[in-house]
Amino acid sequence: MYDAAGHILRMGDGGRRDVTRQSPTVASVAAFSPNTFPKDVAVAPDGTLYVTIENRIMRIKPDGSTQIIAGTASSGCGADDSSNASAIALNLPWGIDIGPDGAIYIADGQNHKVRKIIPGESQSSITTIVGRGSCTGGFAGDGGQAGDGRLSQPRELALGPDGSIYIVDSLNLRIRRVSPDNIIRTVAGNGVEGEPQAGGLATASRLPGFFGVVSIDVSPHGEVHFVTNRGGAGAIGDARILKIDSSGVLRTVAGTPGDACADPCNRPDGVLATQTPLLFPTSLSIGPDGSMYLTEKNTANGGVAFVSRIGPDGRIGRLAGQLQAGFGGGDGGPARLATFADLRGTDPGPDGSLFVADGGSNGVRKVIQAAQGLSSLGYKVASEDGREVYEFGPNGQHERTRDALTNGIIFEFGYDPHDRLASITDGGGKVTTIEGPRSFRTIPRVSLAVQSGPVGREDVP
(Lines give C-alpha, C1' and ligand atoms only; values in the text may rest on other atoms or scores of the structure.)
Protein backbone atom coordinates (compact mmCIF):
# COMPACT_ATOMS: atom_id res chain seq x y z
CA MET A 1 0.00 0.00 0.00
CA TYR A 2 1.30 3.47 -0.89
CA ASP A 3 0.44 6.49 1.25
CA ALA A 4 0.68 9.31 -1.29
CA ALA A 5 0.18 12.07 1.28
CA GLY A 6 3.05 10.87 3.44
CA HIS A 7 5.14 9.37 0.62
CA ILE A 8 5.31 6.15 2.66
CA LEU A 9 5.41 2.69 1.12
CA ARG A 10 3.81 0.23 3.58
CA MET A 11 5.42 -3.16 3.07
CA GLY A 12 3.75 -6.56 3.35
CA ASP A 13 6.02 -7.55 6.26
CA GLY A 14 4.90 -4.53 8.31
CA GLY A 15 7.87 -2.39 7.34
CA ARG A 16 7.70 1.19 6.06
CA ARG A 17 9.83 2.98 3.49
CA ASP A 18 10.00 6.76 3.11
CA VAL A 19 10.44 7.10 -0.64
CA THR A 20 11.47 10.76 -0.38
CA ARG A 21 14.73 9.52 1.16
CA GLN A 22 15.39 7.03 -1.62
CA SER A 23 17.88 7.87 -4.34
CA PRO A 24 16.80 7.84 -7.97
CA THR A 25 18.16 4.87 -9.92
CA VAL A 26 19.48 4.35 -13.46
CA ALA A 27 18.56 1.75 -16.08
CA SER A 28 19.53 1.23 -19.73
CA VAL A 29 16.61 1.18 -22.14
CA ALA A 30 18.37 0.90 -25.51
CA ALA A 31 21.82 -0.11 -26.75
CA PHE A 32 23.12 0.60 -30.26
CA SER A 33 26.05 -0.71 -32.26
CA PRO A 34 29.52 0.76 -31.55
CA ASN A 35 30.24 4.27 -32.82
CA THR A 36 26.54 5.02 -33.34
CA PHE A 37 26.67 7.96 -30.91
CA PRO A 38 23.01 8.83 -30.23
CA LYS A 39 22.69 12.60 -30.22
CA ASP A 40 19.23 13.46 -28.91
CA VAL A 41 16.06 11.80 -27.65
CA ALA A 42 12.39 12.77 -27.51
CA VAL A 43 9.68 10.93 -25.59
CA ALA A 44 6.06 10.72 -26.76
CA PRO A 45 3.13 10.73 -24.29
CA ASP A 46 2.76 6.94 -24.68
CA GLY A 47 6.44 6.38 -23.78
CA THR A 48 7.68 5.83 -27.35
CA LEU A 49 11.25 7.11 -27.84
CA TYR A 50 12.57 8.85 -30.96
CA VAL A 51 16.38 9.02 -31.20
CA THR A 52 18.74 10.70 -33.67
CA ILE A 53 21.53 8.25 -34.53
CA GLU A 54 24.05 8.83 -37.32
CA ASN A 55 21.95 9.95 -40.32
CA ARG A 56 18.69 8.34 -39.22
CA ILE A 57 15.77 8.64 -36.83
CA MET A 58 14.94 5.53 -34.78
CA ARG A 59 11.66 4.78 -33.03
CA ILE A 60 11.70 2.61 -29.89
CA LYS A 61 8.27 1.51 -28.73
CA PRO A 62 7.43 0.75 -25.08
CA ASP A 63 7.56 -2.99 -25.91
CA GLY A 64 11.21 -2.57 -26.98
CA SER A 65 10.66 -2.97 -30.73
CA THR A 66 12.68 -0.63 -32.95
CA GLN A 67 12.24 0.84 -36.42
CA ILE A 68 14.08 3.39 -38.57
CA ILE A 69 11.38 5.90 -39.52
CA ALA A 70 13.50 8.45 -41.40
CA GLY A 71 16.89 8.69 -43.08
CA THR A 72 19.16 6.24 -44.87
CA ALA A 73 22.44 4.56 -44.01
CA SER A 74 24.38 7.21 -45.95
CA SER A 75 24.17 10.97 -45.65
CA GLY A 76 22.78 13.02 -48.49
CA CYS A 77 20.53 15.86 -49.65
CA GLY A 78 17.16 14.14 -49.70
CA ALA A 79 14.00 15.53 -51.25
CA ASP A 80 12.01 18.07 -49.26
CA ASP A 81 8.84 15.96 -49.14
CA SER A 82 8.06 12.26 -49.31
CA SER A 83 5.46 9.78 -48.17
CA ASN A 84 8.34 7.45 -47.23
CA ALA A 85 10.71 9.23 -44.84
CA SER A 86 12.99 6.19 -44.51
CA ALA A 87 13.95 6.62 -48.18
CA ILE A 88 15.01 10.26 -47.74
CA ALA A 89 18.69 10.94 -47.06
CA LEU A 90 19.49 13.20 -44.11
CA ASN A 91 22.83 14.75 -43.23
CA LEU A 92 23.80 14.62 -39.56
CA PRO A 93 20.43 15.31 -37.93
CA TRP A 94 20.86 16.32 -34.31
CA GLY A 95 18.05 18.00 -32.34
CA ILE A 96 14.66 16.30 -32.16
CA ASP A 97 11.39 17.20 -30.45
CA ILE A 98 7.71 16.30 -30.51
CA GLY A 99 5.09 18.94 -31.20
CA PRO A 100 1.68 19.35 -29.60
CA ASP A 101 0.31 17.83 -32.82
CA GLY A 102 2.27 14.59 -32.22
CA ALA A 103 4.58 15.21 -35.19
CA ILE A 104 8.35 14.72 -34.92
CA TYR A 105 10.56 17.72 -35.74
CA ILE A 106 14.27 17.39 -36.50
CA ALA A 107 17.19 19.70 -37.22
CA ASP A 108 18.77 18.24 -40.38
CA GLY A 109 22.04 19.98 -39.61
CA GLN A 110 24.28 19.79 -42.66
CA ASN A 111 21.34 19.95 -45.04
CA HIS A 112 20.49 23.28 -43.34
CA LYS A 113 16.83 22.34 -42.92
CA VAL A 114 14.18 21.77 -40.30
CA ARG A 115 11.95 18.84 -41.16
CA LYS A 116 8.65 17.44 -39.88
CA ILE A 117 7.90 13.71 -39.72
CA ILE A 118 4.42 12.27 -39.35
CA PRO A 119 5.04 8.84 -37.81
CA GLY A 120 3.05 5.94 -39.21
CA GLU A 121 2.86 2.32 -38.15
CA SER A 122 4.69 0.91 -41.18
CA GLN A 123 5.76 4.05 -43.05
CA SER A 124 6.24 7.69 -42.05
CA SER A 125 5.98 10.84 -44.18
CA ILE A 126 8.38 13.79 -44.16
CA THR A 127 8.18 17.43 -45.21
CA THR A 128 10.57 20.38 -44.98
CA ILE A 129 9.47 23.33 -42.83
CA VAL A 130 12.49 25.63 -43.20
CA GLY A 131 15.08 25.63 -45.99
CA ARG A 132 13.08 24.26 -48.90
CA GLY A 133 14.59 23.89 -52.35
CA SER A 134 18.26 23.78 -51.41
CA CYS A 135 20.77 22.02 -49.16
CA THR A 136 23.02 25.09 -49.12
CA GLY A 137 23.27 27.12 -45.93
CA GLY A 138 22.74 30.86 -45.62
CA PHE A 139 20.78 33.53 -43.81
CA ALA A 140 17.52 34.83 -45.24
CA GLY A 141 13.79 34.96 -44.82
CA ASP A 142 13.07 36.81 -41.58
CA GLY A 143 9.50 38.08 -41.68
CA GLY A 144 8.54 35.76 -44.52
CA GLN A 145 7.28 32.20 -45.01
CA ALA A 146 9.37 29.64 -43.16
CA GLY A 147 9.90 27.47 -46.23
CA ASP A 148 11.73 30.35 -47.93
CA GLY A 149 13.98 30.91 -44.90
CA ARG A 150 17.65 29.96 -44.93
CA LEU A 151 19.57 28.41 -42.03
CA SER A 152 23.22 27.55 -41.52
CA GLN A 153 23.82 24.28 -39.71
CA PRO A 154 20.86 24.26 -37.31
CA ARG A 155 21.96 22.19 -34.34
CA GLU A 156 19.04 22.03 -31.93
CA LEU A 157 15.34 22.84 -31.83
CA ALA A 158 12.41 22.83 -29.43
CA LEU A 159 8.66 23.12 -29.71
CA GLY A 160 6.64 25.57 -27.64
CA PRO A 161 3.23 24.78 -26.14
CA ASP A 162 1.59 26.80 -28.94
CA GLY A 163 3.38 24.80 -31.65
CA SER A 164 6.08 27.41 -32.34
CA ILE A 165 9.42 25.95 -33.44
CA TYR A 166 12.56 27.46 -31.91
CA ILE A 167 15.77 26.74 -33.85
CA VAL A 168 19.41 27.15 -32.89
CA ASP A 169 20.71 28.57 -36.19
CA SER A 170 24.29 27.83 -35.21
CA LEU A 171 26.53 29.41 -37.83
CA ASN A 172 24.20 32.39 -38.23
CA LEU A 173 24.64 33.08 -34.50
CA ARG A 174 20.91 33.41 -34.00
CA ILE A 175 17.89 31.69 -32.53
CA ARG A 176 14.97 31.67 -34.96
CA ARG A 177 11.25 31.08 -34.38
CA VAL A 178 8.69 29.65 -36.75
CA SER A 179 5.32 30.83 -35.46
CA PRO A 180 2.06 28.87 -35.80
CA ASP A 181 1.24 31.01 -38.86
CA ASN A 182 4.49 29.73 -40.49
CA ILE A 183 6.43 33.01 -40.36
CA ILE A 184 10.13 32.83 -39.45
CA ARG A 185 11.81 35.51 -37.33
CA THR A 186 14.93 35.97 -35.20
CA VAL A 187 14.24 36.00 -31.45
CA ALA A 188 17.83 36.08 -30.15
CA GLY A 189 21.26 36.95 -31.51
CA ASN A 190 22.42 39.75 -33.79
CA GLY A 191 24.75 37.68 -35.96
CA VAL A 192 27.88 38.81 -34.11
CA GLU A 193 29.99 36.33 -32.14
CA GLY A 194 30.56 36.92 -28.43
CA GLU A 195 29.27 36.39 -24.92
CA PRO A 196 25.51 36.92 -24.47
CA GLN A 197 24.56 40.19 -22.74
CA ALA A 198 21.91 39.47 -20.12
CA GLY A 199 19.67 42.37 -19.22
CA GLY A 200 19.21 43.67 -22.76
CA LEU A 201 17.02 42.67 -25.67
CA ALA A 202 17.77 39.15 -26.84
CA THR A 203 17.76 40.22 -30.48
CA ALA A 204 20.51 42.78 -29.78
CA SER A 205 22.77 40.31 -27.98
CA ARG A 206 25.79 38.50 -29.30
CA LEU A 207 25.84 34.70 -29.21
CA PRO A 208 28.87 32.41 -28.95
CA GLY A 209 30.31 30.83 -32.07
CA PHE A 210 31.72 27.37 -32.75
CA PHE A 211 28.37 25.74 -31.90
CA GLY A 212 28.46 27.51 -28.55
CA VAL A 213 24.65 27.44 -28.15
CA VAL A 214 24.33 23.75 -27.47
CA SER A 215 20.71 23.20 -26.46
CA ILE A 216 17.30 24.83 -26.29
CA ASP A 217 13.97 24.08 -24.64
CA VAL A 218 10.71 25.83 -23.83
CA SER A 219 9.05 25.91 -20.42
CA PRO A 220 5.41 24.90 -19.93
CA HIS A 221 4.67 28.65 -19.79
CA GLY A 222 6.31 29.29 -23.16
CA GLU A 223 9.61 30.84 -21.99
CA VAL A 224 12.55 29.97 -24.23
CA HIS A 225 15.69 28.72 -22.46
CA PHE A 226 19.03 27.99 -24.13
CA VAL A 227 22.47 26.82 -23.03
CA THR A 228 25.89 28.25 -23.89
CA ASN A 229 29.27 26.69 -23.18
CA ARG A 230 31.65 28.98 -25.01
CA GLY A 231 32.61 32.62 -24.87
CA GLY A 232 33.98 34.90 -27.55
CA ALA A 233 36.06 33.42 -30.41
CA GLY A 234 34.96 29.93 -29.46
CA ALA A 235 36.95 29.81 -26.21
CA ILE A 236 35.57 27.37 -23.64
CA GLY A 237 33.81 29.26 -20.85
CA ASP A 238 30.70 31.33 -20.18
CA ALA A 239 28.71 28.22 -19.35
CA ARG A 240 25.16 29.45 -18.69
CA ILE A 241 21.46 28.82 -19.07
CA LEU A 242 19.71 31.92 -20.36
CA LYS A 243 16.06 32.63 -21.01
CA ILE A 244 14.16 35.08 -23.13
CA ASP A 245 11.50 36.60 -20.90
CA SER A 246 8.04 37.73 -21.98
CA SER A 247 9.34 41.21 -22.88
CA GLY A 248 12.14 39.82 -25.08
CA VAL A 249 14.90 40.53 -22.55
CA LEU A 250 17.70 38.02 -21.97
CA ARG A 251 18.10 36.73 -18.40
CA THR A 252 20.66 34.40 -16.79
CA VAL A 253 18.97 31.57 -14.88
CA ALA A 254 22.04 29.37 -14.18
CA GLY A 255 25.80 29.79 -14.27
CA THR A 256 27.93 32.87 -13.89
CA PRO A 257 28.82 35.11 -16.87
CA GLY A 258 32.23 34.49 -18.43
CA ASP A 259 32.93 31.56 -16.11
CA ALA A 260 32.92 27.76 -16.10
CA CYS A 261 33.33 25.24 -13.30
CA ALA A 262 36.71 23.56 -12.93
CA ASP A 263 36.70 19.82 -13.62
CA PRO A 264 35.30 17.73 -11.93
CA CYS A 265 33.02 20.52 -10.62
CA ASN A 266 32.47 19.25 -7.10
CA ARG A 267 30.02 21.97 -6.11
CA PRO A 268 27.65 21.57 -3.14
CA ASP A 269 24.05 20.58 -3.75
CA GLY A 270 21.33 23.12 -3.06
CA VAL A 271 23.14 26.31 -4.02
CA LEU A 272 21.42 28.93 -6.15
CA ALA A 273 22.08 28.10 -9.80
CA THR A 274 22.79 31.77 -10.59
CA GLN A 275 25.57 31.88 -8.00
CA THR A 276 27.67 28.90 -9.07
CA PRO A 277 29.57 28.11 -12.28
CA LEU A 278 28.58 25.20 -14.50
CA LEU A 279 30.82 22.54 -16.01
CA PHE A 280 30.81 22.23 -19.84
CA PRO A 281 27.01 21.82 -20.41
CA THR A 282 25.73 19.80 -23.36
CA SER A 283 21.93 19.68 -23.15
CA LEU A 284 18.87 21.05 -21.39
CA SER A 285 15.32 19.81 -20.93
CA ILE A 286 12.48 21.22 -18.85
CA GLY A 287 9.95 19.12 -16.95
CA PRO A 288 6.23 19.76 -16.50
CA ASP A 289 6.82 21.38 -13.09
CA GLY A 290 9.45 23.75 -14.47
CA SER A 291 12.43 21.75 -13.20
CA MET A 292 15.43 21.98 -15.53
CA TYR A 293 17.66 19.00 -16.30
CA LEU A 294 21.17 19.85 -17.45
CA THR A 295 23.89 17.48 -18.65
CA GLU A 296 27.43 18.56 -17.84
CA LYS A 297 30.73 16.93 -18.79
CA ASN A 298 34.46 17.32 -18.97
CA THR A 299 35.54 18.80 -22.29
CA ALA A 300 37.43 15.57 -23.07
CA ASN A 301 35.27 12.65 -24.22
CA GLY A 302 35.41 9.91 -21.61
CA GLY A 303 35.81 12.39 -18.77
CA VAL A 304 33.44 13.24 -15.93
CA ALA A 305 29.79 13.44 -17.01
CA PHE A 306 26.69 13.92 -14.87
CA VAL A 307 23.09 15.18 -14.86
CA SER A 308 22.06 18.14 -12.71
CA ARG A 309 18.58 19.26 -11.73
CA ILE A 310 17.57 22.85 -11.10
CA GLY A 311 14.32 22.92 -9.14
CA PRO A 312 11.54 25.49 -9.42
CA ASP A 313 13.20 27.22 -6.44
CA GLY A 314 16.28 27.91 -8.59
CA ARG A 315 18.65 25.64 -6.65
CA ILE A 316 20.92 23.15 -8.39
CA GLY A 317 21.99 19.65 -7.38
CA ARG A 318 23.58 16.61 -8.98
CA LEU A 319 20.84 14.13 -9.92
CA ALA A 320 22.81 11.34 -11.59
CA GLY A 321 26.40 10.46 -12.37
CA GLN A 322 29.63 10.27 -10.39
CA LEU A 323 32.35 12.87 -10.26
CA GLN A 324 34.71 10.48 -12.00
CA ALA A 325 34.99 9.13 -15.52
CA GLY A 326 33.28 5.94 -16.66
CA PHE A 327 31.35 4.29 -19.47
CA GLY A 328 27.77 3.23 -18.80
CA GLY A 329 28.22 1.67 -15.37
CA GLY A 330 25.88 1.47 -12.39
CA ASP A 331 22.61 0.31 -13.94
CA GLY A 332 20.15 -0.82 -11.28
CA GLY A 333 21.86 1.16 -8.54
CA PRO A 334 21.66 4.69 -7.12
CA ALA A 335 21.76 7.28 -9.88
CA ARG A 336 24.57 9.30 -8.28
CA LEU A 337 26.82 6.22 -8.35
CA ALA A 338 26.25 5.57 -12.05
CA THR A 339 28.82 6.58 -14.67
CA PHE A 340 28.09 8.29 -17.98
CA ALA A 341 30.21 9.35 -20.93
CA ASP A 342 29.69 12.06 -23.54
CA LEU A 343 26.14 12.92 -22.48
CA ARG A 344 23.96 14.35 -25.25
CA GLY A 345 20.21 15.15 -25.30
CA THR A 346 17.66 14.50 -22.55
CA ASP A 347 13.87 14.48 -22.31
CA PRO A 348 11.52 13.88 -19.36
CA GLY A 349 9.14 10.94 -19.87
CA PRO A 350 5.43 10.85 -19.07
CA ASP A 351 6.07 8.67 -16.02
CA GLY A 352 8.57 11.10 -14.44
CA SER A 353 11.70 9.32 -15.68
CA LEU A 354 14.43 11.32 -17.38
CA PHE A 355 15.72 9.78 -20.62
CA VAL A 356 19.33 10.50 -21.58
CA ALA A 357 21.22 9.91 -24.83
CA ASP A 358 24.58 8.59 -23.60
CA GLY A 359 26.82 8.97 -26.64
CA GLY A 360 29.88 7.46 -24.99
CA SER A 361 28.15 4.18 -24.21
CA ASN A 362 26.10 4.18 -27.46
CA GLY A 363 22.74 3.90 -25.75
CA VAL A 364 19.76 5.56 -24.12
CA ARG A 365 19.44 5.37 -20.35
CA LYS A 366 16.80 6.62 -17.94
CA VAL A 367 16.93 8.09 -14.48
CA ILE A 368 14.03 6.65 -12.47
CA GLN A 369 12.71 8.87 -9.72
CA ALA A 370 12.02 7.13 -6.40
CA ALA A 371 8.34 8.13 -6.46
CA GLN A 372 6.84 9.04 -9.81
CA GLY A 373 3.45 10.74 -9.69
CA LEU A 374 0.76 9.90 -12.21
CA SER A 375 -1.68 12.63 -11.13
CA SER A 376 -5.21 11.29 -10.85
CA LEU A 377 -4.22 7.92 -12.34
CA GLY A 378 -2.09 6.79 -9.42
CA TYR A 379 1.58 6.56 -8.50
CA LYS A 380 4.79 4.73 -9.33
CA VAL A 381 7.51 3.83 -6.82
CA ALA A 382 10.84 2.25 -7.72
CA SER A 383 12.22 -0.65 -5.72
CA GLU A 384 15.29 0.14 -3.65
CA ASP A 385 17.60 -1.55 -6.18
CA GLY A 386 15.88 0.14 -9.14
CA ARG A 387 15.09 -3.13 -10.91
CA GLU A 388 11.33 -3.01 -10.38
CA VAL A 389 8.63 -0.33 -10.44
CA TYR A 390 5.53 -0.68 -8.26
CA GLU A 391 2.35 0.89 -9.64
CA PHE A 392 -0.40 2.00 -7.27
CA GLY A 393 -3.92 3.20 -8.00
CA PRO A 394 -5.33 6.51 -6.74
CA ASN A 395 -6.38 4.82 -3.49
CA GLY A 396 -2.87 3.46 -2.88
CA GLN A 397 -3.60 -0.19 -3.77
CA HIS A 398 -0.75 -2.07 -5.39
CA GLU A 399 -1.98 -2.77 -8.94
CA ARG A 400 1.08 -4.19 -10.68
CA THR A 401 4.85 -4.65 -10.54
CA ARG A 402 6.88 -3.99 -13.69
CA ASP A 403 10.44 -4.69 -14.76
CA ALA A 404 12.13 -1.26 -14.80
CA LEU A 405 14.27 -2.16 -17.81
CA THR A 406 11.70 -3.72 -20.17
CA ASN A 407 8.50 -2.23 -18.71
CA GLY A 408 7.08 -5.76 -18.78
CA ILE A 409 4.55 -6.83 -16.14
CA ILE A 410 5.92 -9.14 -13.44
CA PHE A 411 2.75 -9.32 -11.33
CA GLU A 412 -0.72 -7.79 -11.64
CA PHE A 413 -3.20 -7.73 -8.75
CA GLY A 414 -7.00 -7.79 -8.73
CA TYR A 415 -9.29 -6.84 -5.86
CA ASP A 416 -12.86 -7.72 -4.90
CA PRO A 417 -15.62 -5.13 -4.17
CA HIS A 418 -14.41 -4.99 -0.54
CA ASP A 419 -10.88 -4.03 -1.68
CA ARG A 420 -9.48 -7.42 -0.68
CA LEU A 421 -6.88 -9.14 -2.84
CA ALA A 422 -8.70 -11.51 -5.19
CA SER A 423 -6.17 -12.51 -7.87
CA ILE A 424 -2.51 -12.41 -8.85
CA THR A 425 -1.49 -12.64 -12.51
CA ASP A 426 2.17 -13.29 -13.32
CA GLY A 427 4.06 -12.10 -16.38
CA GLY A 428 3.28 -15.29 -18.24
CA GLY A 429 -0.47 -14.81 -17.87
CA LYS A 430 -0.98 -17.42 -15.13
CA VAL A 431 -3.72 -16.33 -12.72
CA THR A 432 -3.99 -17.32 -9.07
CA THR A 433 -7.37 -16.58 -7.47
CA ILE A 434 -7.84 -16.19 -3.72
CA GLU A 435 -11.10 -17.18 -2.03
CA GLY A 436 -12.54 -17.96 1.44
CA PRO A 437 -11.81 -16.72 5.01
CA ARG A 438 -8.58 -14.79 5.16
CA SER A 439 -5.75 -13.71 7.42
CA PHE A 440 -2.56 -11.91 6.56
CA ARG A 441 0.67 -13.34 5.15
CA THR A 442 3.40 -12.01 2.86
CA ILE A 443 4.16 -12.91 -0.74
CA PRO A 444 7.91 -12.68 -1.46
CA ARG A 445 9.24 -10.10 -3.93
CA VAL A 446 6.10 -8.06 -4.35
CA SER A 447 6.20 -6.45 -0.89
CA LEU A 448 2.44 -6.72 -0.48
CA ALA A 449 0.30 -7.87 2.43
CA VAL A 450 -1.87 -10.63 0.95
CA GLN A 451 -4.91 -11.90 2.83
CA SER A 452 -4.91 -15.70 3.04
CA GLY A 453 -5.65 -18.62 5.32
CA PRO A 454 -7.67 -21.78 4.65
CA VAL A 455 -8.57 -20.81 1.14
CA GLY A 456 -9.96 -22.21 -2.04
CA ARG A 457 -7.41 -21.80 -4.81
CA GLU A 458 -7.79 -22.08 -8.56
CA ASP A 459 -4.94 -21.74 -11.07
CA VAL A 460 -6.22 -20.44 -14.38
CA PRO A 461 -3.92 -21.14 -17.35
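The values are calculated or read from the model by the stated rules, or taken from the named source; none is laboratory data. Computed from a prediction, not measured in an experiment: that's the story for all the values here. Using ideal geometry, Cβ is built from the backbone for each residue, glycine included, and neighbour counts are taken over all protein chains shown. Accessible surface is based on the protein model in full, side chains and every heavy atom, while ligands, DNA and RNA are left aside. Shrake-Rupley method; radii C 1.70, N 1.55, O 1.52, S 1.80 Å.
For Arg251 and Gln123, FRET efficiency with R0 = 35 Å and r from the beta-carbon atoms, rounded to 0.05? About 0.20, to the nearest 0.05. Would region 194-296 count as rounded, prolate or oblate if I go by the C-alpha gyration tensor, calling it rounded below 1.5 in a/c and otherwise prolate when a/b exceeds b/c, oblate otherwise? Taking the square roots of the gyration eigenvalues as a ≥ b ≥ c, region 194-296 is oblate. Sorting the segments 109-115, 251-257 by their residues' average number of neighbouring beta-carbon atoms within 10 angstrom, most packed first, yields 109-115, 251-257. The portion of the accessible surface of region 11-140 made up by carbon and sulfur, rounded to a whole percent, is 49 (1.4 Å probe; DNA, RNA and ligands excluded). Multiplying the residue separation of Ser423 and Ala31 by 0.36 nm and subtracting their alpha-carbon distance yields 137.5 nm.
Full extension of the segment from Asp259 to Ser65, taken as 0.36 nm per residue of separation minus the current Cα-Cα distance, would add 65.5 nm. Using a ≥ b ≥ c from the Cα gyration tensor of region 146-255 (square roots of the eigenvalues), is it rounded, prolate or oblate, where a/c under 1.5 gives rounded and otherwise the larger of a/b and b/c decides, a/b for prolate? Oblate, since a/c reaches 1.5 and b/c is not below a/b. Taking the average, over residues, of other Cβ atoms within 10 Å as the packing measure, peptides 88-97, 261-270, 359-368 rank 359-368, 88-97, 261-270 from highest down.
Cα centroids of region 142-194 and region 349-367: 27 Å apart. Accessible area per residue for region 136-262 is 36 Å², calculated with a 1.4 Å probe on protein heavy atoms, without ligands, DNA or RNA. When all alpha carbon pairs of region 133-185 are counted in 5 Å bins from zero, the resulting P(r) reads 5, 23, 31, 28, 11, 2, 0 %.
Most tightly packed first, judged by the mean number of other beta-carbon atoms within 10 Å of their residues, the peptides 175-182, 214-221 read 214-221, 175-182.
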